[in-house]
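For reference, the structure discussed in these notes is given below.
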Amino acid sequence: MTVTRFAPSPTGFLHVGNLRAALFNWLIARKSGGTFILRLDDTDPERSTQEYADMIRRDLEWLGLTWDKEITQSSRLDRYDAAAETLRGTGQLYEAFETPTELDLKRKKLLNMGRPPVYDRSALDLTDEQKEALRAERGNGVWRFKLEQERITWEDMILGPQSIDSASVSDPVLIRADGQYLYTLASVVDDAEMGITDIVRGMDHVTNTATQIQMFRALGAGVPAFAHHSLLTGPQGEALSKRLGTLALKDMRAAGIEPMAILSLMARLGSADPVELRGTHQELIDGFEIGRFGAAPTKLDPDDLRPMTARYLHGLPFDAVSERLAALGITGDDAPEFWDMARENIEVLADVAPLHDLCVNGAEPLIHPEDAEFVAAALPLLPPRPWDDTTWTTWANAVKEATGRKGKQLFPPLRRALTGADRGPDMTKLMPLMRKTPAA
């Protein structure tokens, strides 16, 4: 059975960059009828907070990316202890005591020699007596995983055949001097014990994948299938990092962007297929193929989300929004007719509020000076209530006959007199919903 996971750290709010990994892993699981796990990588107690964890859950629920199981890494420290002991027992986890300054000097020396700045493994030559002396002088060291000197290969579901020479990579630190487990070890242990079969993440993790493949094997575990999606840039190819504050999912939700607009864009962006607005999660699932995505940096223009939201709302029937309209105070027998009138004239759902206020309370007439006499003559010709979908045409024809005006000289001044605006909904649909009549 296919098992995927989304493993955010609760150290900040989710943004569109995080969403790609969440969505792709969710789609793979749902398309295969498998399991999708939410795993909170909260091993950093100083930066992980309950607020961020709660917001991650809220964002995923808002998007409809439901999970089958939730796990926190902070509850699994005993499993990392056991894995560390296993690796120590096989000689693949060793303690190193270099200070940051010493490591920096080693890196600079290697670079000056034209060699890759790879850790020299000098800690492996320390005797037990030397280790004790260094602990007494500096405290505990860090624990590094000893990589096998080989070429690590795998077939990436997006990038294709991948090959990295482990000799070009430093032995990764798995445990800090203070005992905190780092991502590399905790992630491998969790993926192995949870039976993760497929992992999708960003291209910045490719080197991590190479070292983790060796770690899976060192722990006697099967190696999952990997896919590394391209990184997002701004519309001009610029880095998104400075804009992520405005691309947080919570901010998009507050701005009224619809979940299906975001998901439709992210489910195709960077693939060989055109972006298509989807109406349901099942349509997203049916149209998803991980192999259709490419390696080139993917341009994201957040401004595309607002028109996609508008198109999504324009196509929704009343039953799909009735509860959300009720939460905005839009209820009653004429609510379906109101939605039919309003939906083609909004970009986000909150835009219905001023239209509803117009229907209930009317508007201050907007009358240009040159139209004052014309409007004064037109208002007494308004048909008596109740108004229906013929009222606008009946009134306009009567005013045309009485004043001789037509076209742009006729319709805009009448709209402004009733609605206080130059543009708006189809007047044949709006007038039957208006409860107040301007004074003649």
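The values are calculated or read from the model by the stated rules, or taken from the named source; none is laboratory data. What you are looking at is a predicted structure, and each value in this text was computed from that prediction instead of being measured. Because the Cβ atoms are built from the backbone with ideal geometry, glycine has one as well, and the counts that use them run over all protein chains shown.
Per-structure values
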| read-out | value |
| --- | --- |
| Filtered residue count, region 85-98, keeping only those that are surrounded by fewer than 18 Cβ atoms within 10 Å (Cβ to Cβ) and either modelled with pLDDT under 95 or small (Gly, Ala, Ser) (or both) | 2 |
| Selection from region 125-174 of residues that are touching a helix residue (DSSP H, G or I) at 6+ places or on another chain (Cβ under 8 Å) and more than 28 Å from Thr209 (Cα to Cα) | Leu126 |
| Residue among Thr211, Thr184 that is under 28 Å from the mean Cα position of the chain (by Cα), closer than 17 Å to Arg5 by Cβ and in contact (Cβ under 8 Å) with a residue 24 or more places away in the chain | Thr184 |
| In region 163-184, residue nearest to Ala225 (Cα to Cα) [restricted to those that are surrounded by fewer than 17 Cβ atoms within 10 Å (Cβ to Cβ) and not hydroxyl-bearing (Ser, Thr, Tyr)] | Asp165 |
| Flag if Thr209 is of a type in the set (S, T, N, Q) and under 16 Å from Asp41 (Cα atoms) | no |
| Breaking point among (1) more than 24 Å from the chain's Cα centre (by Cα); (2) farther than 26 Å from Phe97 by Cα; (3) charged (D, E, K, R); (4) surrounded by 20 or more Cβ atoms within 10 Å (Cβ to Cβ), for Glu193 | (4) |
| Members of region 377-399 found to be touching a Leu at 6+ places or on another chain (Cβ under 7 Å) and either buried (at least 17 other Cβ atoms within 10 Å of the Cβ) or not assigned by TED's automatic domain parsing to the domain that holds Glu337 (or both), listed by number | Ala378, Trp395, Ala396, Val399 |
| Residue satisfying all of: in region 321-332; more than 26 Å from the chain's Cα centre (by Cα) and loosely packed, with under 13 Cβ neighbours inside 10 Å; nearest to Thr309 (Cα to Cα) among these | Ala326 |
| Subset of region 333-355 [assigned to a loop (DSSP other than H, G, I, E, B), surrounded by 15 or more Cβ atoms within 10 Å (Cβ to Cβ) and either free of Cβ contacts under 8 Å to residues at least 60 places away in the same chain or touching a Cys at 6+ places or on another chain (Cβ under 6 Å) (or both)] | Ile346 |
| Test: Leu358 is assigned to a loop (DSSP other than H, G, I, E, B), among the aliphatic types (A, V, I, L, M) and within 46 Å of the chain's Cα centre (by Cα) | no |
| Residue within region 309-330 that is over 25 Å from Phe36 (Cβ atoms) and aromatic (Phe, Trp, Tyr) present | yes |
| Answer residue from region 249-296, given it is in a loop (DSSP other than H, G, I, E, B) and β-branched (Val, Ile, Thr) and is nearest to His228 (Cα to Cα) among those | Val275 |
| Residue that is surrounded by the most Cβ atoms within 10 Å (Cβ to Cβ), among those in region 43-84 that are within 17 Å of Gly179 (Cβ to Cβ) and in contact with an Asp or Glu (Cβ under 8 Å, 6 or more places away or on another chain) | Gln73 |
| Subset tally (residues that are surrounded by 20 or more Cβ atoms within 10 Å (Cβ to Cβ) and at pLDDT 95 or above) for region 279-304 | 3 |
